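Every read-out reported here was derived from the displayed coordinates using simple, explicitly stated rules and does not represent laboratory data. Predicted model, so just to flag it, every value in this text is computed and none were measured. Every residue, glycine among them, receives a Cβ derived from its backbone with ideal geometry; neighbour counts consider all protein chains shown.
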Amino acid sequence: GAGVSQSPRYKVAKRGQDVALRCDPISGHVSLFWYQQALGQGPEFLTYFQNEAQLDKSGLPSDRFFAERPEGSVSTLKIQRTQQEDSAVYLCASSTRQGFLDTQYFGPGTRLTVL
Amino acid sequence: DAKTTQPPSMDCAEGRAANLPCNHSTISGNEYVYWYRQIHSQGPQYIIHGLKNNETNEMASLIITEDRKSSTLILPHATLRDTAVYYCIVRVNSGNTPLVFGKGTRLSVIA
């Protein structure tokens, strides 16, 4: 079946531009996570949604980062006024159950390069 | 911060078993051991998880010591496609809990 998809796969932005990264989770998956992966590092948690509710945004590095999932399926991660330190791969993961042990399925990621 | 310690890199000959160690000496009683791997330019892929009993699936086996302070992921017959970064993660039993990745072990399978 279809897995988690992300678009675009690659994004180049000039410093100061706003960007929007899209995640299409596996159909019916309740939970959705965003992670940021810097070069040579493991992924780091950014934020978590359960359906349309953003229950944890403790990992967002600044108020320039904003995520939404208005209808409980597709999610968008927006970064305003991008900086060079925002350059990373942004990964989305979804899982099927809430409040129980589950498996997170990851998309291929969006590689953001800020010049 | 990651609660696990893994060697930064390992090599394995193709067709041989790859044994990837992980130390998690501060693991709590309600935390599971998860393994994910990340092939170059792809998102992490779930491999296996366990609480205290050894586990096996079509991808790998997970051996957890009796005191639960360490574990070993075993790929029984490594292939070139198993070349990846392998992450050992401890996580509480909750679907709301994000994964906390360390730097993992870079496994290179050599022909």
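PRE reach from A:GLN41 (point 7 Å along Cα→Cβ): which of the stretch B:79-97 fall under 19 Å by backbone N?
Inside the label zone: B:85-90.
Please compute the modelled spin-label separation between A:ARG64 and B:MET59, points set 7 Å along Cα→Cβ, answer in nm with one decimal.
3.4
Using Cβ contacts closer than 10 Å as the measure, can you line up A:PHE66, A:PHE45, A:PHE106 from fewest to most?
A:PHE66, A:PHE45, A:PHE106
What number comes out for the charge environment of A:LYS57, summing +1 per Lys or Arg and -1 per Asp or Glu over other residues with Cβ under 15 Å away? The partial results should precede the final answer.
Numbers: positive: A:ARG64, A:ARG69, A:LYS78; negative: A:GLU44, A:GLU52, A:ASP56, A:ASP63, A:GLU68.
For residues surrounding A:LYS57, the net value is -2.
Give the relative contact order (percent, whole number) for the stretch B:51-111; include only Cα pairs under 8 Å separated by 6+ residues.
Relative contact order, the stretch B:51-111: 26 percent.
Compute the FRET efficiency between A:ARG15 and B:SER41 as 1/(1 + (r/R0)^6), taking r as their Cβ-Cβ distance and R0 = 22 Å, and round to the nearest 0.05.
Numbers: r = 25 Å, r/R0 = 1.13.
Calculated value: 0.35.
Order these by the 10 Å Cβ neighbour count, fewest first: B:LEU73, A:LEU39.
So the ranking, lowest neighbour count to highest, is A:LEU39, B:LEU73.
Which ordering of B:LEU51, A:LEU46 is given by a fewest-first count of other beta-carbon atoms within 10 Å?
In order of increasing Cβ crowding within 10 Å: B:LEU51, A:LEU46.
Take the alpha carbon atoms of the stretch B:30-66, find their center, do the same for the stretch A:64-79, and report the distance between the two centers in whole angstrom.
Measuring centre to centre over Cα atoms gives 30 Å.
Below 13 Å Cα-Cα, how many Lys pairs turn up in the protein assembly as shown? Only count pairs eight or more apart in sequence, or on different chains, if you could.
Numbers: A:LYS11/A:LYS78; B:LYS3/B:LYS69; B:LYS3/B:LYS103; B:LYS52/B:LYS69.
For the protein assembly as shown, the number of qualifying lysine pairs is 4.
For the modelled label position 7 Å from the Cα of B:LYS52 along Cα-to-Cβ, which residues of the stretch B:21-37 have backbone nitrogen atoms closer than 15 Å?
Of the residues in the stretch B:21-37, B:27-33 have backbone N under 15 Å from the label point off B:LYS52.
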